[in-house]
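Worksheet: one structure, shown below.
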Number of protein chains: 2
Amino acid sequence: MSYKIIGQSVERWDAIAKVQGKADYTADLPKKNVLYGKILRATIAHGLVKKLDVSEALKVEGVIKVLTPDDLPDLKFPTAGHPYTLDPKLADIADRNILTKRVRLYGDEIAAVIAENELAAEKALEKIKVEYEEFPFYLSPEEALAEGAVEIHDGSKNLIASTKAVVGDLKKGLEEADHIIEGEYKTQIVQHCHMENQIAYAYKGSDQRWVCVSSTQIPHICRRILGEAFGMPWGKFRVVKPFIGGGFGNKQDVTIEPLAVAMSMAVGGEPVMVELQREESIAWTRVRHAISYKVKLGVKKDGTITALEMDAVSNNGAYASHGHSIAGKGAGILQSLYKMPNMEYNSKTVYTNTASAGAMRGYGVPQVIFAMESIIEKAAKELGIDPVELRLKNLVGPNTENPVSHVMFFSNKLKECVEEGMKNFSWDERKKQADSQKTGDFRRGVGMAVFAYATGVYPKSLEIGGCRLTLNQDGTVKLMVGATEIGQGSDTVFKQMVAETTGIPYDHIYTDMNTDTDYSPFDTGAYASRQSYVSGMAVRKAAIELKEKILDAVKKFDDIDQLHTDIVNGNIVYKHSGEVIQSVGDLALKSYYDLANGECITAEVSNNFHSNSNAMGATFADVEVDIKTGKVKILNILNVHDSGHILNPLLASGQVEGGMGMAVAYALAEELRYDEKTGAPLNNNLLDYKMPTSMDLPDMETLFVEEDDPMGPYGNKALGEPPICSPAAAIRNAVLDAIGIEVDELPIKPQKLMEILKNNGIV
Amino acid sequence: MSYKIIGQSVERWDAIAKVQGKADYTADLPKKNVLYGKILRATIAHGLVKKLDVSEALKVEGVIKVLTPDDLPDLKFPTAGHPYTLDPKLADIADRNILTKRVRLYGDEIAAVIAENELAAEKALEKIKVEYEEFPFYLSPEEALAEGAVEIHDGSKNLIASTKAVVGDLKKGLEEADHIIEGEYKTQIVQHCHMENQIAYAYKGSDQRWVCVSSTQIPHICRRILGEAFGMPWGKFRVVKPFIGGGFGNKQDVTIEPLAVAMSMAVGGEPVMVELQREESIAWTRVRHAISYKVKLGVKKDGTITALEMDAVSNNGAYASHGHSIAGKGAGILQSLYKMPNMEYNSKTVYTNTASAGAMRGYGVPQVIFAMESIIEKAAKELGIDPVELRLKNLVGPNTENPVSHVMFFSNKLKECVEEGMKNFSWDERKKQADSQKTGDFRRGVGMAVFAYATGVYPKSLEIGGCRLTLNQDGTVKLMVGATEIGQGSDTVFKQMVAETTGIPYDHIYTDMNTDTDYSPFDTGAYASRQSYVSGMAVRKAAIELKEKILDAVKKFDDIDQLHTDIVNGNIVYKHSGEVIQSVGDLALKSYYDLANGECITAEVSNNFHSNSNAMGATFADVEVDIKTGKVKILNILNVHDSGHILNPLLASGQVEGGMGMAVAYALAEELRYDEKTGAPLNNNLLDYKMPTSMDLPDMETLFVEEDDPMGPYGNKALGEPPICSPAAAIRNAVLDAIGIEVDELPIKPQKLMEILKNNGIV
């Protein structure tokens, strides 16, 4: 389709305020008489709090109250930012208390101090005396599942879930194969490291309801979980999300909000603020699941895949959070990528005593793609086929039903992504250059990987988007969505959508500063790369409705039939000639102030979206391995995406570069580590946790292969998460090309690589 | 009609917060880095600012900027809180600049200081040097209209407007009369004295639009006037109204908001707060029009009124504000009260150099009722007919078209109000007692008066109400209106309406803390006693729609036809048996989370209301005049109202008592006075301006004669303003009864009464 505003790199509506430092984030919002809450964290990794002595803490000047588990409702609640489900069997696991006596990880939340200032609160924390009973702790799923292991959650056997996805007949598929390739792959725990740490404050509103202002991706879900955490009707809570400094899935979990509300409840509704430190955010909010894979791939001589057997074991840490849905997701994703008529995908998600794993950009796909794209490379080598060719041979094409999710997927330009990518990356030339640099201190290699990624969570979960539009008196439009701007630019794109569909100029559309469960139409929030797709469909429908109502008003006030009128660039025009009849502003004035027929024109849509589309793409990487240091330098890296019609190329490139940056760090550097002796996190700070600075990142290239997806509201598909899915695998494959050794564990950090190089006799 | 929640004295939803001091008014809202604005006011009553030297002011520590008229757009705007009109001929007069060099009253706004704190701003005001050219000034319409008077507004001839309303044939009517009674009546300038002075602050929002938080009765109109004051599209402004401490019409004018915005504009969008002092609010915001009447009443021997000629001259002060609509309103009101087949009502509204008169509770009706109910009393005396009988003989009945407004009015229980009032007041007994106390130091008298009052402004102006309802997941309802809670309890009554119509309990309805032009449905605001009627109709329609959608959802999810279902007390029930099918909460949960058909249920209505109804009533007063001091003591006073169905008796009684209190002060004490030599206000403070304390007020009685009005959304009609309409006239008539002398000028203060008593030889 051809669009006017969609596809333009219009300026973000919040750009000026952000550049000037005038966009109010939660910490910036004006407050008065606010109290501060701080959390006392366990110093054992597993066990029981036998005694909490808070008497000395209460003596600290400025301390108002100390909360212990006994002060709070004895109610377990889930924390995952999933839509509520009417089917109790599908509900998220409720395994969390606001504060706990049962310690499940080092740093678990066992008490909290409310004080007039942060310093007093921190001093008080030091004065609380705790006596523990310690249990053995488990940092890996293997330990946690071992015979006789203490149950981290009673009755769980430390297994959150175990599922098997079957396609065709694995046994038959393996029999048909000429080669069976086997491999084992491991990924590590990493953390989101969004710029703004978790922060929330709560108070009692003038209507005696509880208001929680929070840096959350999921205001409407957060409201529900507050209801669950306190066993109170959900309507008794109101959640407000101001500007937010990134989330990447970590703020798709409810972490500090119930505590903030509990604190305010403890002080008669006065406002209490909880702001985590970076150390707390890294180690004690959510992390990416470390997943290990055992893979068996059956392939014919000609490269045709006949079978895949994959066993995934996922470390979920101390609490269920998003739980098994992340490891479980792999099956459907792989079937969206490669034609594999016979498959068994087994996955287990396991409680351990590490940080709770939850949603993180990519939601399990970077892990499974690392495993899949590694075994593909191994198969190509064994078959003597070019690995790119092997991939192209087996790719799922367009208009295909996914045999796991049973969703029909239409557009699919992955083949073109690979072909365009190779061209753009000068793949053959780089390969030749790399082949000529396989000795010496700096060895070069190229590698690539492909991925697929669904948009939103249909048909597994609810997909509702909401939008309300109001025509202002001057012909401008107020746009309200419940979808959540978390820095990714969704509100900018929604403005484009309204402008595109109504014909009212982009800068005449005004968005909200906040998402507010009291005002913003219901929408489940920012996750699953769903917003421009699911919420976008609600926006489009509301915009269509608004435009219709405006043209109905032209009929009413000026008696020109709707068949003859259109809106172009903020004017009502004759469709046949383009002649301007009047501005939308002039019409709006009539629609408000006509004594006989005036009425404010609004449109509100709540849209249940029964659709999903696959986004896909590829990464091409060119690396140089310093075999004296084990350091991998990325010479060049390119992501190519089929995300359907690109709504705003500048924002889209920003998304892709951000995702690639995260992925580079995932491939080469980041890992949250634990002390084997105490179970304490070792590097939960930005000095020791090796997050790249902008100086550490390579130059990154972005390419889009555009085709309108027939289901997307403007031909668009997922783009927020896809960029992180394939780079780690592509880099790993480039390293393989450079040194000829398969590195099957992430991250490929210098220490590890040096060990491998030594073990293989290269140095 | 019989209602369940309507008619109950339910507790105000904001009662707890207000009692605890936790309801945030504009001054209470948390702010950061706010600057303060103070206004330099002219010290002449009429003239020109020749020179403004701000150099010393700028040197005061903490002063950021001084604004003069030259710094602001040279644009005139209107300030009246009337709905915008598409007909330029009907538009309010745009005669106001944000700051002015042309001084039109003592205290006119000629410069403004922005400083870091109020003290610095005040110090700086003192350092601004002003040179004036002085013109003669006029404190009365007579002076302003005199030959050769300087025009206060160029080209105006100091006459804002002059109109004549004609019914029948005055000449013929006077000819038919057996008696022609003449009189002259004068009312004074009084001020609203709402608890919370004018306060507003403004800042640039993150979307580069201008936000003005203000204690206003008319957020949506204020937004429009900001647009007009700056010559900018209205959508560029957002107005937010927090809790507000009374308005009584004074905050139905835009006073400080444009200056607050101009100040923020002058400092790059930083927040700037303007809060008036009581001295400023009394003298330099708005006041009630002092109106003088010349009256000629033609009456037959039997008491039948044949003709009325009335000439009203209204002192509008320095700026037009609501202008002529107040004096002009009398014609229609009188025709709603008495059958007067022949009438000429002439009115003039005149610029003078006193405070600008604008809207004030009663909007001109206390004045015209004072004149009318005085002449009626005079006529009764002349005819020798009991004045109550004379009134009853001439009252307009139900189901009558008003010959001035051409509106058909249906319900009318004024006759019953008089009859019930007499009974309740023990009128005959009191009269007998008063008759026996006509000598001595304390002379007693009884008096009464009647009034009529329209509801809202149809058909003269636009009447749109708006309401949006959202069904929460727990079956509670979020209620949003653009109508404005200003302390009168409108949101409480709207909650009752939603509960009544939906069947969802009152305490399951949640209202807004703020009215916000960005979110709240369009509604013109709090004035003309319109909200429970005009906005109430929108609320009722939205509630009907919401209920229908809920029952549609029951059909969708549970396949029970809408014909068989109802909502009672928060449950979906079978209509025939009352058996509970499920709670609204359970249904709401399905409606949100059903995978296939879930959708958020909302209802939004923008309702153009083509209707008006007359409220009416009577006051009965029993007074004792101390002829040694001239002090009038009210022994008892009763207001009887036909306001249709009473929505909340407790709130209604509060309204009536509040209005009666204001009226008692209007009758006996309050008057804003001016220095004849300088034109400066003499008593613009609460020490010298004689507003009664609760100790000064008599015991007041309230009675309602209820009949459902067929047009009101719940049978209700105006109640906010009616209570102030007739007490002053009733008290005046009681004084007449006590001392036998007609006092034809308000207020009946001791000094004046002593003079009259002396002049009449009584003392």
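The values are calculated or read from the model by the stated rules, or taken from the named source; none is laboratory data. Since we're looking at a predicted model, the values are computed, not measured. Note that we place each Cβ from the backbone using ideal geometry, even for glycine, and neighbour counts take in every protein chain shown.
Only one residue in B:506, B:458 is hydroxyl-bearing (Ser, Thr, Tyr) and within 9 Å of chain A (Cβ to nearest Cβ). Which one? Walk me through it before giving the result.
On the way: B:506 fails: within 9 Å of chain A (Cβ to nearest Cβ).
After ruling out the rest, the residue left standing is B:458.
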Would you check which residues across the range A:81-108 are outside any loop (DSSP other than H, G, I, E, B), away from every other protein chain (no Cβ under 14 Å) and surrounded by fewer than 23 Cβ atoms within 10 Å (Cβ to Cβ) and list them? A:102
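Would you check which residues across the range B:250-276 are assigned to a loop (DSSP other than H, G, I, E, B) and surrounded by fewer than 24 Cβ atoms within 10 Å (Cβ to Cβ) and list them?
The first filter runs over the range B:250-276 and keeps only residues assigned to a loop (DSSP other than H, G, I, E, B), leaving B:254-256, B:267-271, B:276.
Once the filter is applied, which keeps residues that are assigned to a loop (DSSP other than H, G, I, E, B) and surrounded by fewer than 24 Cβ atoms within 10 Å (Cβ to Cβ), the range B:250-276 yields B:267, B:268, B:269, B:270, B:271, B:276.
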Can you find a residue in the range B:506-518 that is more than 17 Å from residue B:221 (Cα to Cα), surrounded by fewer than 24 Cβ atoms within 10 Å (Cβ to Cβ) and touching a helix residue (DSSP H, G or I) at 6+ places or on another chain (Cβ under 6 Å)? yes
For the range A:581-590, state whether one or more residues are over 24 Å from residue B:465 (Cβ atoms), in contact with a Lys or Arg (Cβ under 7 Å, 6 or more places away or on another chain) and assigned to a strand (DSSP E or B). no
Identify the single condition in (1) surrounded by fewer than 18 Cβ atoms within 10 Å (Cβ to Cβ); (2) on the phi > 0 side of the Ramachandran plot that residue A:679 does not satisfy, given that it satisfies every other one. (1)
Checking the condition within 14 Å of chain B (Cβ to nearest Cβ), under 29 Å from residue B:460 (Cα atoms) and among the small types (Gly, Ala, Ser), which residue from A:598, A:570 passes? A:598
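Please verify whether residue B:358 is of a type in the set (Gly, Ala, Ser), buried (at least 24 other Cβ atoms within 10 Å of the Cβ) and under 30 Å from residue B:488 (Cα atoms), treating the condition exactly as stated. Don't jump to the end; show me each part of the working.
Numbers: of a type in the set (Gly, Ala, Ser): yes; buried (at least 24 other Cβ atoms within 10 Å of the Cβ): yes; under 30 Å from residue B:488 (Cα atoms): yes.
Answer is yes for this residue.
Residue-by-condition table, conditions (1) more than 14 Å from chain A (Cβ to nearest Cβ); (2) surrounded by 15 or more Cβ atoms within 10 Å (Cβ to Cβ); (3) in contact with a helix residue (DSSP H, G or I) (Cβ under 8 Å, 6 or more places away or on another chain):
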position	(1), (2), (3)
B:156	yes, yes, no
B:160	yes, yes, no
B:167	yes, yes, yes
B:170	yes, yes, no
B:174	yes, yes, no
B:186	yes, yes, no
B:197	yes, yes, yes
B:207	no, yes, yes
Mind checking which pairs have a first residue in the range B:384-413 that is on the phi > 0 side of the Ramachandran plot and a second that is polar (S, T, N, Q) and part of a loop (DSSP other than H, G, I, E, B), Cβ under 9 Å, 6 or more apart or different chains? B:399/B:411; B:399/B:412
For the range B:722-747, name all the residues that are more than 13 Å from residue B:447 (Cα to Cα) and touching a strand residue (DSSP E or B) at 6+ places or on another chain (Cβ under 6 Å). B:722, B:723, B:725, B:744, B:745
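Return the only residue of A:538, A:596, A:553, A:618 being in a strand (DSSP E or B) and either in the same structural domain as residue A:216 (by TED's automatic domain parsing) or among the small types (Gly, Ala, Ser) (or both). Spell out how you get there, then give the answer.
Details: A:538 fails: in a strand (DSSP E or B); A:596 fails: in a strand (DSSP E or B); A:553 fails: in a strand (DSSP E or B).
That would be A:618, the only listed residue that is in a strand (DSSP E or B) and either in the same structural domain as residue A:216 (by TED's automatic domain parsing) or among the small types (Gly, Ala, Ser) (or both).
Just one of B:534, B:498 is within 30 Å of residue B:580 (Cβ to Cβ), modelled with pLDDT of 95 or more and crowded, with 24+ Cβ neighbours inside 10 Å; which is it?
Numbers: B:534 fails: within 30 Å of residue B:580 (Cβ to Cβ).
Exactly one residue qualifies, and that residue is B:498.
Residue-wise test of (1) free of Cβ contacts under 8 Å to residues at least 40 places away in the same chain; (2) over 30 Å from the mean Cα position of the chain (by Cα); (3) in a strand (DSSP E or B).
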position	(1), (2), (3)
B:144	no, no, no
B:147	yes, yes, no
B:150	no, yes, no
B:155	yes, yes, no
B:161	no, no, yes
B:166	no, no, yes
B:172	no, yes, no
B:180	no, yes, yes
B:185	no, no, yes
If we ask which residues in the range A:17-38 are under 26 Å from the mean Cα position of the chain (by Cα) and outside any loop (DSSP other than H, G, I, E, B), their number turns out to be 4
Selection over the range B:601-617 where residues are facing chain A (nearest Cβ under 8 Å), among the polar types (S, T, N, Q) and under 16 Å from residue A:596 (Cα atoms) yields a count of 3
Would you check if residue A:453 is of a type in the set (Phe, Trp, Tyr), buried (at least 20 other Cβ atoms within 10 Å of the Cβ) and assigned to a loop (DSSP other than H, G, I, E, B)? no
Take the residues in the range A:29-50 that are more than 8 Å from every other protein chain (Cβ to nearest Cβ) and of a type in the set (D, E, K, R), then tell me which one is surrounded by the fewest Cβ atoms within 10 Å (Cβ to Cβ). A:50
Elements of type helices (runs of 4 or more DSSP H) in the range B:645-763, at least 3 residues being over 22 Å from the mean Cα position of the chain (by Cα): B:727-739, B:750-759
Of (1) part of a helix (DSSP H, G or I); (2) more than 14 Å from chain B (Cβ to nearest Cβ), residue A:527 fails just (1)
Filter the range A:211-239 for residues that are more than 16 Å from residue B:508 (Cβ to Cβ) and outside any helix (DSSP H, G or I) and give the result. A:211, A:212, A:213, A:214, A:215, A:216, A:217, A:218, A:231, A:239
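Quick one: which of A:94, A:111 is closer than 23 Å to residue A:279 by Cβ and touching a residue at least 24 places away in the same chain (Cβ under 8 Å)?
Of the residues listed, the single one that is closer than 23 Å to residue A:279 by Cβ and touching a residue at least 24 places away in the same chain (Cβ under 8 Å) is A:111.
Quick check on this structure: which one of B:560, B:567, B:572, B:601 is surrounded by fewer than 19 Cβ atoms within 10 Å (Cβ to Cβ) and at pLDDT 95 or above?
Exactly one residue qualifies, and that residue is B:560.
For the range B:61-78, check the following and say yes or no: at least one residue is surrounded by fewer than 20 Cβ atoms within 10 Å (Cβ to Cβ) and assigned to a strand (DSSP E or B).
As a first pass, look at the range B:61-78 and keep what is surrounded by fewer than 20 Cβ atoms within 10 Å (Cβ to Cβ): B:61-62, B:65, B:68-71, B:73-76.
Applying the additional criterion that residues be assigned to a strand (DSSP E or B) yields B:65.
Within the range B:61-78, one or more residues are surrounded by fewer than 20 Cβ atoms within 10 Å (Cβ to Cβ) and assigned to a strand (DSSP E or B).
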Collect the residues in the range B:480-494 that are at the interface with another protein chain (Cβ under 10 Å from one of its Cβ atoms) and touching a strand residue (DSSP E or B) at 6+ places or on another chain (Cβ under 6 Å), keeping them in residue-number order. B:480, B:482
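Could you check the range A:209-258 and list, in sequence order, the residues that are of a type in the set (Asp, Glu) and more than 14 Å from chain B (Cβ to nearest Cβ)? Show your work before the answer.
Of the residues in the range A:209-258, the ones of a type in the set (Asp, Glu) are A:228, A:253, A:257.
Answer for the range A:209-258, where residues must be of a type in the set (Asp, Glu) and more than 14 Å from chain B (Cβ to nearest Cβ): A:253, A:257.
In the range A:410-448, what residues are in a strand (DSSP E or B) and buried (at least 16 other Cβ atoms within 10 Å of the Cβ)? Outline the logic, then answer.
Going through the range A:410-448, the residues in a strand (DSSP E or B) turn out to be A:442-448.
Residues satisfying the conditions are A:443, A:444, A:445, A:446, A:447, A:448.
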Residue check, residue B:407 surrounded by fewer than 24 Cβ atoms within 10 Å (Cβ to Cβ), of a type in the set (A, V, I, L, M) and under 22 Å from the mean Cα position of the chain (by Cα): yes
